[in-house]
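Read-outs throughout are calculated quantities, based only on the coordinates presented, and are distinct from any laboratory measurement. The structure presented is a predicted model; accordingly, all values stated were derived computationally and were not measured. As a convention, Cβ positions derive from the backbone with ideal geometry for all residues, glycine included, and neighbour counts pool all protein chains shown.
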Amino acid sequence: MLMRLIEWKRDTITTLIVHTPAKINVFLKVLGQRADGYHELDTIMVAVNLYDTLRFDTIPEPGSTGQITLTSRWMIDAPQENLPVIPDDGRNLVVKAAELLKRYVGRPELSVSVLLFKRIPAEAGMGGGSSDAAATLVGLNRFWQLGLRVDELHALAAELGSDLNFFLSSDPVAKCSGRGEQIEPIPDLAPLYAVIIKPWSGLSTKAVFDAYHAHAMNVDYASDRVLAVWKKESAIPGSLVFNALQAGASRVNSDVSKILKHLSLLPQTTGIMTGSGTACVALVRTADEGAQLARHLRIQQHGFVVSVRSSL
Ligand code: C5P
């Protein structure tokens, strides 16, 4: 599993900790728009070792029946004004996931206190909110001892959003299709090393899909080709990396275009935006190259910078 679960019990109190990763897209092709407005995608998602942490605790009686409480804390070292406010109510996917689980099992009395430690930047295209929600489904299934099967969790995940299913997967790389929710795990690929550069400005997924229509980009190959080459050569050639949403996002967010321009000037580095942005990714060959590039990029003050590798 991509997530790490740690559980302990003391008297009647149970605590469960879940570490859940971020994702990056190294290939994202838009195949078309469906009647329901969603876009049909062919994309490769890679889980990386940047984790949010959720802590689930029993709320002491009395008066806790049915309560879901969420408290979030940014663990990113940055001025407060650079970090978006995380809603702690029903707008947060964590609360939505908990409420959906309760409805699904018909147990309105279930309660929990959730502490969310955020290291994955928001409005980044790194699946942070989706990862947290997927961790909530997995975590509460254990915490509340619901005994739901993985296929049931997948169905609930798809109801909550397009990116959650990937985080329920067991391999760090998956080919994702449909609106992103249909996943095919790809085992045994060589590790991937990258540096994430996230400008302090963000973009909503919807805004980027809207911008895509004005600045559509396409390639004539599919994710299968990228995966076949990755398998054969133990790396992804820069020439195959692609994100159809990048041109539109660069037009509506000048920070994205600035970062991608900077990355295009670096030797032996491939720059790409991940998902719907605004985080950009520099693919490098080794962990050492990643650490060195991260030091260089931090000095440029583009925003949040972290060196990562595919996780497991
Ligand atoms: O499914 P999710 O909540 O992540 O999507 C947020 C928004 O992004 C959708 O309401 C839709 O406007 C857009 N989207 C899309 N096609 C996708 C995924 C998301 O148009 N495959």
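Protection proxy ranking, highest mean first, for peptides 197-208, 255-266: 197-208, 255-266, where packing is the per-residue count of other beta-carbon atoms within 10 Å, averaged.
Descending by average beta-carbon neighbour count within 10 Å, the peptides 93-106, 294-307 line up as 93-106, 294-307, the highest first. Averaged over residues, the count of other Cβ atoms within 10 Å places the peptides 126-135, 268-277 in the sequence 126-135, 268-277, highest first.
Can you tell me the 0 to 90 degree angle between the C-alpha axis of helix 150-160 and the longest principal axis of the chain, rounded to 10? It works out to around 70 degrees. For segment 221-252, the set of chymotrypsin sites (Phe, Trp or Tyr not before Pro) satisfying both a DSSP loop assignment and a count of at most 15 other C-beta atoms within 10 Å is given as Tyr221. If only the Cβ of Lys and Arg carry +1 and only the Cβ of Asp and Glu carry -1, the dipole of segment 4-185 around its Cα centre is close to 220 debye.
Rounded to the nearest 0.05, the FRET efficiency derived from the C-beta distance between Tyr221 and Leu115 at R0 = 51 Å is 0.70.
For segment 193-309, the Kirkwood estimate of the hydrodynamic radius, built from every pair of different alpha carbons, is 14.7 Å. Ratio of Rg to Rh for the chain: 0.97 [Cα atoms; Kirkwood radius as inverse mean 1/r over pairs].
About its Cα centre, the dipole of the chain is roughly 500 debye, where the only charges are +1 on Lys and Arg Cβ and -1 on Asp and Glu Cβ.
Since only Leu266, Met75, Thr65 are under comparison, the one whose Cα sits farthest along the positive direction of the charge dipole of the chain, derived from C-beta charges on Lys, Arg, Asp and Glu, is Leu266.
For a straight C-alpha distance cut-off of 16 angstrom, the aspartates and glutamates reachable from Lys232 (same-chain residues fewer than eight places away being disregarded) are Asp188, Asp224.
Look at where the Cα atoms of segment 103-122 and of segment 191-205 average out, and the two centres are 26 Å apart. When the alpha carbon gyration tensor of segment 4-185 is reduced to an equivalent ellipsoid, the three semi-axes, largest first, read 28, 19, 15 Å. Straight-line cross-link reach from Lys198 at under 28 Å between alpha-carbon atoms covers these lysines, not counting any fewer than eight positions away in the same chain: Lys23, Lys29, Lys96, Lys118, Lys175, Lys206, Lys258, Lys261. For segment 176-202, list residues with backbone N below 15 Å from a point placed 7 Å from the Cα of Ser234 toward its Cβ? Only 188-193 pass the distance filter. Simple spin-label estimate for Thr65 and Arg10 gives 2.8 nm between the two label positions (7 Å along the Cα-to-Cβ direction from each Cα).
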